[in-house]
Amino acid sequence: MAAAALCWALRAARQVLPSPCPRQVRSYYVDWRMLRDAKRRKMAYEHADERLRINAIRKNSILPKELQEVADKEIAALPLDSCPVRIRNRCVLTSRPRGVKRRWRLSRIVFRHFADHAQMSGVQRAMW
Amino acid sequence: KDKSAASKDSTPEGASKRQKDGAETPKQQLLDIIGNMKVEVSYRKKLQQLKASESKKQALNKPEGLDSEGSLPQGTTEDTQRGKPLNPELVKAASAVASSLPRNQKQTESELLAQLRRHEETTDKQKKGETINIRSVISEMTVKRQTPAQRSARTSGRMSFQLDEDGQRIRPGRSSAHSFDSRRNLKVGKRLNIFTKASTEPEHALKTVSSPTIWDLEFAKEVAAVTAQPPRNGFEEMIQWTKEGILWEFPIDNEVGMEDDAEFHEHIFLEKHLEGFPKEGPIRHFMELVICGLSKNPYLSVKQKVEHIEWFQKYFEEKKELLQEI
């Protein structure tokens, strides 16, 4: 699928393909907001384990409350971009923050464009 | 009988648990634990079973004595012969469990060992992924072609029954043709490699150059780039994508890139990692919950689980002063 291939190209931004046959490779993000979202995703992945463990200590009825308060302060001290709540599922091609279908990671406009040109596998205009 | 059957079902699972304990504590403690966990059978039943087993043993001792003695060494040789020998701890645990059950020690022991062996075999097979290539077998099954000599003989036989003076048909060297054919077919043809060869050829040190230099790599890349033609059709494009890693390989292997060589007991029995923690108190309670959750998690590797536990250990050690104030 076009979206999947371009996603892969986005993640490996500066990789040079060994084969000579020319293929469209996107080496820039669509806009700065998409770049910041990418940074947040990366940070969230790095701190995911730590956050999980500290949250396990916090959301607990067995450990003493003082320990939980200390854990509260610790998790607040982590960088803001490391929390997964700040990630926004933007459209992969246009960086549109709203109207994005999760399955294809595309905004509704791009999805419609590709589907009408028969470039989406298995997608058909509904008629019943 | 239901009780004993239920106990037998639980004992293989229990046996694996006990073998894990046996790894740490000496065998005496292991046997004590098993002795404590004996099936509660009423005294009368026990007497009856003992009497029955004694009578059975006396009756079958003479004819079966030889068989049992023969089966035990056979069993041990079987264990060693079947590629991977069973864990000696598991074997010990199985024998201890069998001794704890009231009747027919040897039978239960052999049954438990057979179950363990089967389990090992299935895991080994799944790991190696050995399947007999049916295609290679079928490709060798060629249609039997008649030699021209045979064909001429048959046609001549049909056209005119050449009769000797004796009245028997002339057989122009048919038997020799048959044997010749079979001899030819036996040694001709590609080997199927269904029966593995025992001989392993010694690998000659062909690599005189220890590692390819950068210039060799560059040259190889250049050659590959020049000779690589753009794909002529969709199939070649998909082949290229598969080589680059864009497209998955079909049929889809769910365990690509996931090589977990750890056994199941390393995933489930994580108590041995809890040695650094205090034995009582809320922290121990918390860590036991953590371990219970980790043991049920099929998505993490053993390394990741151990890392989680070690992080908690470090964290609680840092907070020791704080905890002692409380």
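The values are calculated or read from the model by the stated rules, or taken from the named source; none is laboratory data. If you're wondering where the values come from, they're calculated on a predicted model, not measured in any experiment. Neighbour counts are summed over all protein chains in view; Cβ atoms, including those assigned to glycine, are modelled from backbone coordinates with ideal geometry. For accessibility, only protein heavy atoms count, side chains too; no ligands or nucleic acids. Shrake-Rupley method; radii C 1.70, N 1.55, O 1.52, S 1.80 Å.
Quick check on my filter: what residues within the stretch B:284-326 are hydroxyl-bearing (S, T, Y) and either under 17 Å from B:L274 (Cα atoms) or assigned to a helix (DSSP H, G or I) (or both)?
Answer for the stretch B:284-326, where residues must be hydroxyl-bearing (S, T, Y) and either under 17 Å from B:L274 (Cα atoms) or assigned to a helix (DSSP H, G or I) (or both): B:S295, B:Y315.
Confirm whether B:L294 is surrounded by fewer than 16 Cβ atoms within 10 Å (Cβ to Cβ) and within 22 Å of B:E259 (Cβ to Cβ).
no
Could you please find all residues in the stretch A:48-64 being at the interface with chain B (Cβ under 9 Å from one of its Cβ atoms) and over 18 Å from the mean Cα position of the chain (by Cα)?
A:E50, A:L52, A:R53, A:I54, A:A56, A:I57, A:N60, A:I62, A:L63, A:P64
Considering only residues that are touching a Ser or Thr at 6+ places or on another chain (Cβ under 8 Å) and hydrophobic (A, V, I, L, M, F, W, C), which ones fall in the stretch B:222-252?
Matches in the stretch B:222-252: B:A225, B:A228, B:W248.
So which of A:A118, A:A77 ends up being over 22 Å from the mean Cα position of the chain (by Cα), surrounded by fewer than 15 Cβ atoms within 10 Å (Cβ to Cβ) and under 19 Å from A:R40 (Cβ atoms)? Working first, answer last.
Working: A:A118 fails: under 19 Å from A:R40 (Cβ atoms).
Answer to the check: A:A77.
A:R36 fails exactly one of the following numbered conditions: (1) open to solvent by 100 Å² or more (accessible area, probe 1.4 Å); (2) more than 18 Å from B:W311 (Cα to Cα); (3) within 12 Å of chain B (Cβ to nearest Cβ). What is the number of that condition?
So A:R36 meets the others, but not (3).
Is there any pair linking a residue in the stretch B:247-261 that is closer than 25 Å to B:E236 by Cβ and open to solvent by less than 90 Å² (accessible area, probe 1.4 Å) to one that is modelled with pLDDT of 90 or more and outside any loop (DSSP other than H, G, I, E, B), with Cβ under 7 Å and at least six apart or on different chains, and which?
Within 7 Å, the pairs are B:L247/B:M238; B:L247/B:W241.
Return the residues of the stretch B:286-326 that are more than 10 Å from chain A (Cβ to nearest Cβ) and touching a Lys or Arg at 6+ places or on another chain (Cβ under 7 Å); say none if nothing qualifies.
B:L294
Here is a list: B:E249, B:E218, B:E280, B:E263. Which entry is within 14 Å of chain A (Cβ to nearest Cβ) and more than 30 Å from B:K320 (Cβ to Cβ)?
Criteria check complete, one pass: B:E218.
How many residues are of a type in the set (G, A, S) and either facing chain B (nearest Cβ under 10 Å) or touching a residue at least 12 places away in the same chain (Cβ under 8 Å) (or both) if we restrict to the stretch A:65-80?
Counting residues in the stretch A:65-80 that are of a type in the set (G, A, S) and either facing chain B (nearest Cβ under 10 Å) or touching a residue at least 12 places away in the same chain (Cβ under 8 Å) (or both) gives 1.
Just give me the residues in the stretch A:88-110 being open to solvent by less than 50 Å² (accessible area, probe 1.4 Å) and either touching a residue at least 12 places away in the same chain (Cβ under 8 Å) or of a type in the set (D, E) (or both), in sequence order. Steps first, answer last, please.
Going residue by residue through the stretch A:88-110, those that are open to solvent by less than 50 Å² (accessible area, probe 1.4 Å) are A:90-93, A:95, A:97, A:99-100, A:106-107, A:110.
Residues satisfying the conditions are A:R90, A:C91, A:V92, A:L93, A:S95, A:P97, A:L106, A:S107, A:V110.
Pick from B:E318, B:E271, B:E310: which is acidic (D, E) and more than 22 Å from A:A71 (Cβ to Cβ)?
B:E271
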